Amino acid sequence: MPLYLADYHTHTYISGDSRSTLLENITQAHRVGLSELCMTEHWNLLNQKGERLPTHYDFSPLLQQWEQLQDTWANRIQVRLGIELGNSTVDTAAVEEGLKLPELDFVIGSLHSMSLARDGVGIFTCAKACTDRTLALDVLEDYIQQMEALVEAGTFDVLGHIIYPLRYFPTQFQLSLEPWQDRLEEILKKVIESGKGMEFNTSQGSTIRQWIPLLTQYRALGGEIITLGSDAHRPEYIGAGFDQAVELLRSLGYRWVCTYRQRTPKFHSIM
């Protein structure tokens, strides 16, 4: 029986940092043998300059894209409505109200910006500008503090790309999240206890092995809810690295990958 694999972190032009269309993404997902794709456009509460963004999100363009394609694609691939919600703790109450959309299947909880105490500047911007390892460690400390607050707020279904800042620091800094292992353990325990999960984000196929420490820790704590996401901003990256990701998950003792329906996980065997 073929594996039921789904890409649960994808973007189109609606996100603003992609030129893809949903049709292009669906076509690629079908071509590479995926059973399901979730639209997870960006809803950030801060931009790269630290400026506030709307606390209300208009889902209608996402729904319209899919409605236009359903007659052609509905029997070939499942398409679900999700959102990648960035820095939701800027206004948790407003975000919770915005997530009451009945059609919403899935929410990724991401952190793309520094805390408001650090002026809310984008992590990408800060990391790229770091010329000193000590400054980079300060960025990561702020990031962990925000993740602790995000887990308390609970405005997500899975924690998104936890290793996100490590993508952008100079490689010579040789950074990891190992210094925060104890605090990450508490974060992951709370995620598990609250019935939520973690995303295994392949970063368009470029980060697989980097996830080993975190995946090992999550599994040792009893974590089983895990989604696969390519973070594709171009169609050719849909499902990128999934074969290697599944093999790694198996080797670490995982039995399932998850999809979502109306914010509830569905388990699909990878054994």
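Below are the figures for this structure:
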item	result
So R209, is it under 30 Å from D142 (Cβ atoms) and of a type in the set (D, E, K, R)	yes
Boolean, I208 is farther than 28 Å from L99 by Cβ and under 15 Å from the mean Cα position of the chain (by Cα)	yes
Qualifying residues in segment 241-271 (those that are among the β-branched types (V, I, T) and either in a strand (DSSP E or B) or touching a helix residue (DSSP H, G or I) at 6+ places or on another chain (Cβ under 9 Å) (or both)) - the one farthest from F156 (Cα to Cα)	I270
Criterion: within 18 Å of K49 (Cα to Cα), without any contact (Cβ under 8 Å) to a residue 40 or more places away in the chain and of a type in the set (G, A, S) - qualifying residue of A127, A117	A117
In segment 48-72, the residues that are within 19 Å of H233 (Cα to Cα) and surrounded by 16 or more Cβ atoms within 10 Å (Cβ to Cβ)	F59, L62, Q65, W66
Filtered residues of segment 67-82 (kept if touching a residue at least 40 places away in the same chain (Cβ under 8 Å) and closer than 27 Å to S269 by Cα)	W73, R76, I77, Q78, V79, R80, L81, G82
Segment 72-129: number of residues that are assigned to a loop (DSSP other than H, G, I, E, B) and of a type outside the set (V, I, T)	17
Test set (1) modelled with pLDDT under 95; (2) surrounded by 12 or more Cβ atoms within 10 Å (Cβ to Cβ) - N75 fails condition number	(2)
Flag if D132 is free of Cβ contacts under 8 Å to residues at least 60 places away in the same chain, surrounded by fewer than 20 Cβ atoms within 10 Å (Cβ to Cβ) and under 24 Å from D119 (Cβ atoms)	yes
Cβ pairs under 7 Å, 6+ apart, first in segment 51-65 and under 20 Å from H11 (Cβ atoms), second charged (D, E, K, R)	L62/E41; L63/E103
Of residues in segment 195-240 being part of a loop (DSSP other than H, G, I, E, B) and among the hydroxyl-bearing types (S, T, Y), the one surrounded by the most Cβ atoms within 10 Å (Cβ to Cβ)	S230
Only one of I192, I162, I187, I144 that is under 29 Å from G98 (Cβ atoms), under 18 Å from the mean Cα position of the chain (by Cα), in a loop (DSSP other than H, G, I, E, B) and not polar (S, T, N, Q)	I162
Lone qualifier among T27, T21, T10, T40 - being surrounded by fewer than 22 Cβ atoms within 10 Å (Cβ to Cβ), polar (S, T, N, Q) and within 29 Å of S269 (Cα to Cα)	T27
Subset of segment 244-265 (residues that are closer than 27 Å to T27 by Cβ and loosely packed, with under 14 Cβ neighbours inside 10 Å)	Q244, E247, R261, Q262
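The values are calculated or read from the model by the stated rules, or taken from the named source; none is laboratory data. Worth saying up front: this structure is predicted, and the values here are computed from it rather than measured. With ideal geometry, Cβ positions are generated from the backbone for all residues, glycine too; neighbour counts draw on all protein chains shown.
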